[in-house]
Amino acid sequence: MSVLQIWRYPVKSLQGESLDSTEVTDVIPGDRGWGIIDNQTGHLLSAKRVPRLLEGQARIIRDHCVLTIDRNEYSSEEDKINEKLSEWLERPVTLSRPNAGETRNIEIEWDDGTAEILQDPDVFEFSTAPGWFFDSSSSLNLIGSATLDFLEKRVGPGSGDVRRFRPNLLVETEKPFEENDWVGKDLRIGTAEVFVKKRTDRCIVITRGIGEFSASRSTLRFLSDHHDREAGISMNPTQPGVICTGDVVEVLETS
């Protein structure tokens, strides 16, 4: 097993950037390093509630972030960045970085994939971990190539698109959902080590339109029916290091 792709998402819920290598500390540095805050509610905006965010893209150049919005590029450092984002999202917003110890609330439109048609979904709130713009207690996500290939074949075109699942690591695997067997185990990837905390629950984000593919609930409904609404695994680093594409993924034996 080896690393096929590495992804970093500099701005929460925007499309990210593909990397050839990355340092790993407690996170991939710069991953969810910025977020867009609703000025009226103080909420951290997410594609769980604002699907248009997925139409934007972000990458890091040196110590700032470059956002691509409607084919125009803006720097996180420029004076009018908040004005441009507010126009795009049709609400007053501020591009922000997380503060140590601070949490932010996120709204989510609830969809567990069981209903044939989703109408007027309930909206819930939950909080980020302190000092993070991640929406879980895990800072790394991995999915296997065989899982995506399986979904593409069984559910339809675009169902297994890596952009739909937003992993940090796409790993070459032989069997669909093979990565589920790694839960509770340690992995060595490059010179970094991680603990696999759990399988990743999937939500309404994977139903959103992505790139050339329109919005569809087919993938979420399939996962709900056959795989407990889960795909991929959530991990936490236990030893800092460097991960490169092509690095071997090794499941470590417990002593």
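The values are calculated or read from the model by the stated rules, or taken from the named source; none is laboratory data. All values derive from a computational prediction rather than experimental measurement. Methodologically, a virtual Cβ is constructed for each residue, glycine included, from the backbone with ideal geometry; neighbour enumeration extends over all protein chains shown.
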Has the stretch 192-201 got at least one residue that is of a type outside the set (S, T, Y) and closer than 23 Å to E116 by Cβ? yes
Could you check, for the stretch 236-253, whether at least one of its residues is surrounded by 14 or more Cβ atoms within 10 Å (Cβ to Cβ), among the aliphatic types (A, V, I, L, M) and closer than 12 Å to S159 by Cα? no
Please find, within the stretch 103-149, the residue that is surrounded by the most Cβ atoms within 10 Å (Cβ to Cβ) out of those that are assigned to a loop (DSSP other than H, G, I, E, B), without any contact (Cβ under 8 Å) to a residue 40 or more places away in the chain and among the small types (G, A, S). A129
Residue ID - nearest to T41 (Cα to Cα), chosen from residues in the stretch 106-129 that are modelled with pLDDT of 85 or more and either touching a Leu at 6+ places or on another chain (Cβ under 7 Å) or of a type in the set (A, V, I, L, M) (or both): I106
Unmet requirement for L67, which otherwise passes all of (1) in a strand (DSSP E or B); (2) within 25 Å of E212 (Cα to Cα); (3) in contact with a Lys or Arg (Cβ under 8 Å, 6 or more places away or on another chain): (3)
Please pick out the residue among W7, W34 that is more than 20 Å from N236 (Cβ to Cβ) and not small (G, A, S). W34
So, in the stretch 173-189, exactly how many residues are in a loop (DSSP other than H, G, I, E, B) and either touching a helix residue (DSSP H, G or I) at 6+ places or on another chain (Cβ under 7 Å) or closer than 20 Å to S18 by Cβ (or both)? 5
Of the conditions (1) over 20 Å from the mean Cα position of the chain (by Cα); (2) surrounded by fewer than 20 Cβ atoms within 10 Å (Cβ to Cβ); (3) under 30 Å from S21 (Cα atoms), the single one that L85 does not satisfy is (2)
Can you pull out every residue in the stretch 190-203 that is over 16 Å from M1 (Cα atoms) and outside any strand (DSSP E or B)? R202, C203
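Report, by residue number, each residue of the stretch 62-105 that is aliphatic (A, V, I, L, M) and at pLDDT 95 or above. Talk me through it step by step, then tell me what you get.
Of the residues in the stretch 62-105, the ones aliphatic (A, V, I, L, M) are 66-67, 69, 81, 85, 89, 93, 95, 100.
Once the filter is applied, which keeps residues that are aliphatic (A, V, I, L, M) and at pLDDT 95 or above, the stretch 62-105 yields V66, L67, I69, I81, L85, L89, V93, L95.
Quick grid of which residues meet (1) out of contact with any helix residue (DSSP H, G or I) (no Cβ under 8 Å at 6 or more places or on another chain); (2) farther than 22 Å from M235 by Cβ:
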{"residue": "S137", "(1), (2)": "yes, no"}
{"residue": "L140", "(1), (2)": "yes, no"}
{"residue": "L151", "(1), (2)": "no, no"}
{"residue": "V155", "(1), (2)": "no, yes"}
{"residue": "D161", "(1), (2)": "no, no"}
{"residue": "N168", "(1), (2)": "yes, no"}
{"residue": "V171", "(1), (2)": "no, no"}
{"residue": "T191", "(1), (2)": "yes, no"}
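Given the options G144, G160, G184, name the one that is touching an Asp or Glu at 6+ places or on another chain (Cβ under 6 Å) and closer than 30 Å to E253 by Cβ. Talk me through it step by step, then tell me what you get.
Values: G160 fails: closer than 30 Å to E253 by Cβ; G184 fails: touching an Asp or Glu at 6+ places or on another chain (Cβ under 6 Å).
Among G144, G160, G184, only G144 is touching an Asp or Glu at 6+ places or on another chain (Cβ under 6 Å) and closer than 30 Å to E253 by Cβ.
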Kindly indicate whether any position in the stretch 224-243 is outside any strand (DSSP E or B), touching a Ser or Thr at 6+ places or on another chain (Cβ under 7 Å) and within 22 Å of G30 (Cα to Cα). yes
Does E55 count as on the phi < 0 side of the Ramachandran plot, surrounded by fewer than 17 Cβ atoms within 10 Å (Cβ to Cβ) and either touching a Ser or Thr at 6+ places or on another chain (Cβ under 8 Å) or at pLDDT 95 or above (or both)? no
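How many of the residues making up the stretch 20-39 are without any contact (Cβ under 8 Å) to a residue 60 or more places away in the chain and either among the basic types (K, R) or not in a loop (DSSP other than H, G, I, E, B) (or both)?
Summing the residues that are without any contact (Cβ under 8 Å) to a residue 60 or more places away in the chain and either among the basic types (K, R) or not in a loop (DSSP other than H, G, I, E, B) (or both) in the stretch 20-39 gives 1.
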